[in-house]
């Protein structure tokens, strides 16, 4: 066979031999320049084959409901939209907790309302089963950990194993170069079905050695759709004034869900999967008052008391929104403080700290969402991104991208010869 191929090659016309040589050179160049993602673990990025849990354990659900309430009330602002994925953030924190230890781990568990790490991991797996096991495949959930390739040999196996077992997390080791940001943004866009296209912007923080990401997509169809012909422009009385917006309308004479008390009217709009619904809660006074009274039992209380009222009509805006929030201060306010503190953070279960010169901290947490509600159903997406930094990993760094002070000094005497503050530098031609 070898001699046959050799003879075939030698019998080719000269221009064909040149073409083969050219293609071989191009292939070699491409192979040398590409930087494929190398999986450190074995998981694909999501759990599969899970049947939806019939229920969540009471201790997990109690903690999860408290976390949800804390997020909503902490981030609520009268004059702007707020749209979160408590599930996405909770799962990302669950993954992070597998690398935390000592008081850092205790603070995370306390903020999440969970007694121990095992309860958290098992509860998060059950929570993911509700998503990955949806009968209509309305949800897509993906978990990935992006690791700087030079840290591949000091990441701890138990951290990898737990995040594979309970979260299906893909652990990818790669160079943290100019190709990383497009790769993470492409991952976010793909796993949010294009609803979220950029979660990371240049420049890369030189101290960051790992990004932990969670993406959650929901694409559900109403059990009873709104007819497009019944949609009319109407007035929505927003916090900043009246808005003209398309208002959808539907009327069901046989089925409807309703709850009402002195403060709120609430209903559920079912999706076709028979287990997912949109809760609409309309305050009788104003949203400020309703949010001020919210507790971990508020939303579960509404859901428990909603009954089939035998028929109802609904008028709802057709709308979309995007939301992006830096979550560091929010998580600090919930009691997770050590994780962000260079002197207190303990991520000893994540990496072998004996091989590092400085502490591991969470340097930034970003949560981004998008929502679309129309006549046929609802699309919603969320991406959470946790940045982990080794503060001495890349030496000291300064990016002068905001107002600063400068001076010209005489070093031997310390005399300041020129000094000023620069707030609006002009381009030097």
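Each reported figure results from applying straightforward, stated rules to the coordinates on display, with no laboratory input. All of these numbers come straight from a predicted model, not from anything done at the bench. Note: ideal-geometry Cβ built from the backbone for every residue, glycine included; neighbour counts use all protein chains shown.
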What spacing in nm lies between the two simple spin-label points modelled at residue 282 and residue 82, each 7 Å away from Cα in the Cβ direction? 2.2
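Taking the highest mean first, how do the peptides 61-67, 44-50 order by number of other beta carbon atoms within 10 angstrom per residue?
Details: 61-67: 19.3, 44-50: 15.9.
Highest to lowest by the protection proxy: 61-67, 44-50.
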Return, for the Cα atoms of the range 262-419, the radius of gyration and Dmax in Å, separated by a comma. 25.5, 88
Quick one: check the C-alpha center-to-center distance for the range 178-213 versus the range 311-343, whole angstrom. 19
Just the Kirkwood number for the range 237-319, please: inverse of mean 1/r across all distinct Cα pairs, in Å, one decimal. 14.3
Please check: in the Gaussian network model of the chain (C-alpha springs, under 10 Å), which one of 123, 102, 238 has the largest mean-square fluctuation. 238
Note the full-extension length gain between residue 261 and residue 228 as 0.36 nm times their separation in residues minus their Cα-Cα distance, in nm to one decimal. 8.7 nm
Dividing the helical contributions, -39500 (n - 2.57) per DSSP H run of n ≥ 4, by the residues of the chain yields a 222 nm value, nearest 500 deg cm²/dmol, of -9500 deg cm²/dmol
Pick out which of 325, 368, 265 has the largest mean-square fluctuation in a Gaussian network model of the chain, springs linking Cα atoms closer than 10 Å. 265
Dividing the alpha-carbon Rg of the range 298-346 by 2.2 N^0.38 Å yields what? 2.12
Testing the spin-label approximation: label points 7 Å from Cα along Cα→Cβ at residue 101 and residue 55. State their distance in nm. 3.7
Distance in Å, no decimals, from the C-alpha centre of the range 49-77 to the one of the range 215-280 is 23
Quick one, can you get me the convex hull of the C-alpha atoms of the range 176-233 expressed as volume per residue in Å³? 119
Mind pulling the per residue volume of the convex hull built on the Cα atoms of the chain? Å³ is fine. 296
One finds, for residue 253 and residue 42 with R0 = 51 angstrom and r their Cβ-Cβ distance, a FRET efficiency to the nearest 0.05 of 0.40
Starting from the Cα of residue 221, step 7 Å along the direction of its Cβ; do the same at residue 157; then give the gap between the two resulting points in nm. 4.8
Could you state, as a whole-number percent, how many of the C-alpha pairs of the range 190-298 are farther apart than 23 Å? 57
Length released on extending from residue 110 to residue 408, taking residue separation times 0.36 nm less the Cα-Cα span: 102.2 nm
Select from 347, 418, 139 the residue whose mean-square fluctuation is largest in a Gaussian network model of the chain (Cα-Cα springs shorter than 10 Å). 418
